[in-house]
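Below is one structure, written out as structure tokens, with a few remarks after it.
The values are calculated or read from the model by the stated rules, or taken from the named source; none is laboratory data. Values in this document were obtained by computation on a predicted structure and should not be read as measured data. With ideal geometry, Cβ positions are generated from the backbone for all residues, glycine too; neighbour counts draw on all protein chains shown.
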Amino acid sequence: MADQRRNQRPQGDGPGRGGRPSGGRPSGGKPTSGGRGGSKPQGGSRDSGPARSGDRPDRGERPARSGDRPARSGDRPDRGGRPERGGDRPRSGGRPERGGRPDRGARSDSRDRAPRTGDQARYDGPELPPEISGLELDRAVGAQLKGLPEKLAARIARHLVAAGHFIDTDPELAYQHAMAARARAARLAVVREAVGEAAYAAGHYAEALAELRAAKRMNGATAYLPIMADCHRALGQPEQALKLAKSPSVVNFAPEAKAEMTIVEAGARRDLGQFDAALRTLELAPLNNKTRSSWVVRLRYAYADTLEAAGRYTDALAWFHRTNAIDAEELTDAAERAEALEKRLAD
């Protein structure tokens, strides 16, 4: 991903300083309102006095069994007089009657209303555009998500694609998508790399430097060095940028990456006020390469810009024209810079 971003960073004396651094149910049951209670015992015989010995009461006047003798300990009440469940006494921890249970749809859930914490917001991330499926992710990047659960990998892939989609038009939104991926898979180098690049584009240089360092520790890649060096410049640490520019691995960089590091190195020299050293650094680069590649355009533009900063206006004008001659995609404002210099020289 670092290689794909390299040609899309803004112009200036370097990728940096010249412009933009280049859900519950209530417990316990509520008792219902009253129950039938126990039944009143039926009445005795017609005679108010005691029954005579040997007399046998008429069947129709025979007292009910439960009417004459007191209930013994342990006797159960007659079925007709047993109280309804939950009618006379509440059961500890019991569930409410079905008719009284609150509707799930109308349930008040404080978690839905509570504001999200910073960590929750980062984990949720911004809303994902429906047109982004995650299948757009580069195969090499997608392969690094294979060890994750399928749904998790799909979500991370969508956030990574969204980060790449918005990085040029809305860098801060891209950074938020990358952070959402990081909240789910912080141990994947490709995720840390994406966060680093998005943070760099959004101007969060300390975060970008930390994330790219982490990615480098994980996979040993050196492609991040130019961006890391430019982060040092943006943080006011040009000496650290120069140390990275002298890393042995830079010698083996591809032309594009090597040109990027040259631009950052020259910018660090300018930060230190060393304009002659900055010009010498750029003059050792292939400024006269016959290709119209974007890295050649950027090299020439950085050289013209440094010449102007050093007060060499005529030479700067010539190199702004030479930059504009190969800048078919209008990656720079070389034409405008040349026009402004011509007016200045004419005055």
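Of the residues ARG111, ARG91, only one is more than 25 Å from ALA198 (Cβ to Cβ), assigned to a helix (DSSP H, G or I) and either among the basic types (Lys, Arg) or at pLDDT below 90 (or both); which? Don't jump to the end; show me each part of the working.
Numbers: ARG91 fails: assigned to a helix (DSSP H, G or I).
Just a single option satisfies the conditions, and that option is ARG111.
Matching residues to (1) closer than 14 Å to ILE263 by Cβ; (2) of a type outside the set (Ser, Thr, Tyr); (3) surrounded by fewer than 21 Cβ atoms within 10 Å (Cβ to Cβ); (4) out of contact with any Gly (no Cβ under 9 Å at 6 or more places or on another chain):
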position	(1), (2), (3), (4)
LEU209	no, yes, no, no
ARG217	no, yes, yes, yes
ASP230	yes, yes, no, no
GLN240	no, yes, yes, yes
SER249	no, no, yes, yes
Select from the stretch 229-250 the residues that are of a type in the set (S, T, N, Q) and part of a helix (DSSP H, G or I) and write down the one among them that is modelled with the lowest pLDDT.
SER249
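For the stretch 180-228, name all the residues that are among the aromatic types (Phe, Trp, Tyr) and part of a helix (DSSP H, G or I). Show your work before the answer.
Taking the stretch 180-228 as the starting set, the residues that turn out to be among the aromatic types (Phe, Trp, Tyr) are 200, 205, 224.
Once the filter is applied, which keeps residues that are among the aromatic types (Phe, Trp, Tyr) and part of a helix (DSSP H, G or I), the stretch 180-228 yields TYR200, TYR205.
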Tell me which residues, restricted to the stretch 119-146, are more than 12 Å from LEU160 (Cα to Cα), charged (D, E, K, R) and part of a loop (DSSP other than H, G, I, E, B).
GLU127, GLU131, LYS146
Which of (1) surrounded by 18 or more Cβ atoms within 10 Å (Cβ to Cβ); (2) in contact with a Leu (Cβ under 8 Å, 6 or more places away or on another chain); (3) closer than 21 Å to TYR175 by Cβ is the odd one out, the single condition ALA285 does not satisfy?
(3)
